[in-house]
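Please treat every number below as a calculation from the coordinates, not as lab data. This structure is a prediction, so every number in the text was calculated from the model and none was measured. For neighbour counting, all protein chains shown are included, and Cβ atoms are generated from backbone atoms with ideal geometry for every residue, glycine included.
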Amino acid sequence: MVTTLDKGCYLLNGETIIPDDNHVQDELKSHGVETTKESARENTIAYGILKAHNTSGNMDKLCVKFDKLTSHDITYVGIIQTARASGLEKFPIPYVLTNCHNSLCAVGGTINEDDHMFGLTAAQKYGGIYVPPHQAVIHQFAREMLATAGGMILGSDSHTRYGALGTMAIGEGGPELVKQLLGQTYDVDMPGVVAIYLEGAPKKGVGPQDVALAIIGKVFADGYVKNKVMEFVGPGVKNLSADFRIGVDVMTTETTCLSSIWQTDDTIKEFYDIHNRVGEYKELKPGKVAYYDGLVKVDLDTINPMIAMPFHPSNVYEIAEVNRNAADILADVEKRAKVSFGDKVEFSLQSKIKDNKLMVDQGIIAGCAGGGFENICAAADILKGRFIGNDRFTLSVYPASTPIFMEVVKNGAAQAILESGAILKTAFCGPCFGAGDTPANNAFSIRHSTRNFPNREGSKVQNGQVASVALMDARSIAATAANKGVLTPATDFDGEFNKYTYHFDSEIYRNRVFDSHGKADESVELQLGPNIKDWPQMSALTDNLLLKVVSEIHDPVTTTDELIPSGETSSYRSNPIGLAEFTLSRKDPEYVGRAKEVHAQEEKRLKDTPLVEMSEEIQSAVKAILVSYPDVSSKNTGIGSTIFAVKPGDGSAREQAASCQKVLGGWANIANEYATKRYRSNLINWGMLPFIIDGEELPFKNGDYIFLPGIRAAVQNKDENIKAFAISGNELKEFSLKLGNLTDDERQIILDGCLINYNRVK
């Protein structure tokens with residue numbers, strides 16, 4: 001069972017919880033404690049790490065410098081290109097470029113491998129570390145080689161989470177890494193810290209994904225930990241292995257928290273020792289009296305095998321419940337799918353029920369969440385001597401790194417997996433984002449990976465293709481495979497789980513990974529493939545803005561996968577203009593054409609074409625504007641596009657969800673709220689206004705124009721309310737927008753038009 005407090009709390013000696021209610025001072029005194037909330041806040045693990053990395057001198061307004069950076073091959077090209085345009089000469093801190101997303105080199109001709117060669121030469125030129133394809137997924141390499149207890153890592157992947165190893169890690173869009181490469185800081189208000197209090201121990205057959213999904217199912221919908229730090233404490237921590245903790249930790253991203261951190265102990269010390277880095281370990285635990293802004297209590301004894309049904313990690317059920325009520329639950333999934341798919345595709349899951357059993361078509365154990373050593377060994381124990389059958393069910397297993405692959409070969413786990421009919425593959429993130437093991441149309445896939453958003457696994461609704469992904473733990477996936485595709489919880493497994501000892505072979509990396517050891521070689525020429533393009537020039541914010549609404553999305557949440565699809569588009573992430581053609585393609589295929597039409601008018605404006613000589617639409621809008629604002633002209637009024645979405649930005653950290661809109665002439669997003677800090681930061685860093693609008697009824701609709709008089713001055717003056725007008729015929733209908741909190745640097749980035757311009761000006 002997972003429960004939450006509706007208030008903050010004190011934690012005494014890491015175990016005793018005292019809720020912050022009317023009796024809190026009496027309770028504290030009864031334990032011999034006298035403290036203030038302010039001083040007790042400073043005793044969390046998170047506070048200590050943030051204080052050590054904060055450069056502002058003000059713990060309310062953090063300016064963080066990280067110890068290390070990580071990126072993979074669909075983010076590092078754009079990051080380095082942006083940093084180069086801003087004057088990069090050398091990587092100032094260790095920067096690891098991994099190659100675990102575009103590893104297949106099978107789409108778009110040479111362009112994936114061209115990116116890899118760019119990455120290798122960039123590591124040589126600027127003094128970085130380059131991990132070749134198939135060696136390791138980004139987060140496993142970071143765990144094995146980069147994490148340090150008490151350290152901080154920033155990565156351009158949303159699942160940058162190494163809290164179980166004592167490293168506070170944050171996943172952000174590329175521009176935030178650019179800032180670190182240029183000696184700038186990560187600026188954020190001091191986040192709230194929520195205790196994740198673990199007690200008890202997992203029952204046999206329950207794995208880390210089960211615990212993670214139980215937590216996500218409890219806290220996602222109400223935003224209980226949104227943009228906060230999840231701090232794992234309590235007596236139950238000691239009952240979890242390092243791999244188990246890592247498996248829970250990586251999934252904290254799906255709660256929309258900012259970061260995570262765990263108390264450390266001898267189990268984590270042993271992890272560092274196994275990886276020949278015991279000197280990087282230190283004990284971390286909260287102070288004698290620590291204050292938390294909330295508490296999630298997790299009774300590990302009561303967690304059962306879980307499944308996150310399509311199409312979100314928070315759509316959580318116990319597997320046993322799904323088996324009891326499959327028809328009702330699948331009908332609910334179909335109903336939810338209508339919100340995203342409408343009538344664009346025929347979608348049915350109830351056909352998967354055969355003889356009162358729910359049949360699965362595919363199983364995947366992969367990536368930063370599923371590809372760990374213990375997960376694979378547990379799956380092998382379940383599969384040993386059993387067979388997945390020769391019908392439609394398939395199972396693929398991807399170890400998260402070559403050292404893990406080597407060890408499961410040596411200890412016999414690989415043999416058990418392969419003899420069952422499953423396939424063992426190299427380290428690759430593809431199944432998680434739709435670039436590998438894409439299911440058949442209307443297939444149902446169960447995966448120990450991180451996400452199951454609509455279309456993420458590779459299906460294309462606009463082409464009549466759809467498949468469904470559910471998230472499960474490797475153990476229950478293996479139990480389902482052993483049952484030839486019948487959905488089965490691992491608690492039904494009546495055999496024994498063996499105890500496997502892990503031996504890390506560091507020679508594998510030493511023989512293949514390029515490590516400059518921080519030494520840059522300016523004589524190296526970057527190898528630029530034909531698909532690697534510079535960012536187009538971007539304009540500074542004008543005095544006024546005329547925006548056309550070119551997409552209107554009323555889904556409860558819009559993911560970054562819907563803003564810019566994953567999968568085959570990954571090959572174009574090094575080509576800003578080429579990638580922009582895919583923007584919203586699976587959500588609103590008309591978006592790109594509409595945005596381009598508006599952007600063409602802005603390009604005419606930049607050539608000094610008067611507003612009254614623009615398209616008929618703009619002429620009509622300008623005619624209405626001039627009645628009240630006669631000074632408006634092409635000299636002071638930019639033309640661009642905007643989208644409305646209720647809650648955009650859940651999921652990936654990919655900056656392209658924002659930059660592609662910018663490349664197509666986007667100047668703003670309008671939302672009721674933003675799903676994650678990282679998406680809002682991406683908008684800001686690409687010079688886009690992150691507007692908030694209150695209320696469900698909009699004063700505009702798709703296709704309408706919005707006029708923002710004095711928008712540049714409003715940003716400069718830090719106006720709380722932004723005056724806006726929806727243009728309807730000859731009338732201007734006034735309404736109000738907000739920008740929320742912005743740092744001075746963020747305001748200047750918007751004023752300059754984007755982070756590249758900001759740094760050029762500096």
Relative contact order for the chain: what percent, with Cα pairs under 8 Å and sequence separation of 6 or more? 14 percent
Between the alpha-carbon centers of the range 481-556 and the range 152-189, tell me the distance in whole angstrom. 14 Å
Can you find, among His159, Cys105, His134, the residue sitting farthest towards the positive end of the charge dipole of the range 64-187, where Lys and Arg contribute +1 and Asp and Glu -1 at Cβ? His159
The range 700-745 versus the range 406-451: alpha-carbon centroid distance in Å: 49 Å
Could you give the distance between the Cα centres of the range 370-384 and the range 300-323, to the whole Å? 20 Å
In the range 64-187, what percentage of the DSSP-assigned beta bridges are antiparallel, given to the nearest 5? 15 percent
Cα shape, the range 381-522, gyration tensor, a/c 1.5 rule: oblate
What is the gain in length, in nm to one decimal, between Glu613 and Phe387 on full extension, counting 0.36 nm per residue of separation less the C-alpha to C-alpha distance? 74.2 nm
Segment Lys285-Ile17, length gained on full extension (0.36 nm per residue, minus Cα span): 95.0 nm
Looking at Ser459, Gln362, Ile329, which one has the Cα that reaches farthest to the positive end of the dipole of the range 306-507 (charges on Cβ: Lys, Arg +1; Asp, Glu -1)? Ser459
Shape call, the range 544-761: gyration tensor on alpha carbons, a/c limit 1.5: rounded
Student exercise: in the range 192-278, how many lysine pairs 8 or more apart or on different chains have Cα atoms under 16 Å apart? 4
Beta carbons within 10 angstrom, averaged per residue: use that to sort the peptides 703-712, 585-594, highest first. 703-712, 585-594
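Work out how much length Glu334 to Ser39 would gain on full extension: take 0.36 nm times their residue separation and subtract the Cα-Cα distance, in nm to one decimal.
Using 0.36 nm per residue and subtracting the Cα-Cα distance, I get 101.2 nm.
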Among the listed pairs Lys125/Lys647; Lys548/Lys607; Lys65/Lys282; Lys533/Lys604, those beyond 30 Å (Cα-Cα): Lys125/Lys647
Antiparallel bridge percentage (DSSP; both residues within the chain; nearest 5): 40 percent
Grab the DSSP H runs of the chain that are 4 residues or longer, score each as -39,500 (n - 2.57), total them, divide by all residues and round the 222 nm result to the nearest 500 deg cm²/dmol. -8500 deg cm²/dmol
Of all DSSP beta bridges having both residues in the range 544-761, the percent classed as antiparallel (nearest 5) is 45 percent
Spin-label model distance (nm) - Glu581 vs Asn58, 7 Å beyond Cα toward Cβ: 4.7 nm
What FRET efficiency would be calculated for the residue pair Met117, Lys410, taking the C-beta separation as r and a Förster radius of 51 Å, to the nearest 0.05? 0.95
What FRET efficiency comes out for Leu626 versus Leu606 if R0 is 30 angstrom and r is the Cβ-Cβ distance? Round to the nearest 0.05. 0.90
Assuming R0 = 22 Å, can you tell me the calculated FRET efficiency for the pair Thr426 and Arg510, based on Cβ-Cβ distance, to the nearest 0.05? 0.75
Here, Ser30 and Lys344, labelled 7 Å along Cα→Cβ, have an inter-label distance in nm of 5.7 nm
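At a 10 angstrom cut-off on C-beta neighbours, averaged per residue, how do the peptides 309-321, 669-681, 245-257, 501-513 rank from highest to lowest?
My ranking of the peptides, most packed first, is 245-257, 669-681, 309-321, 501-513.
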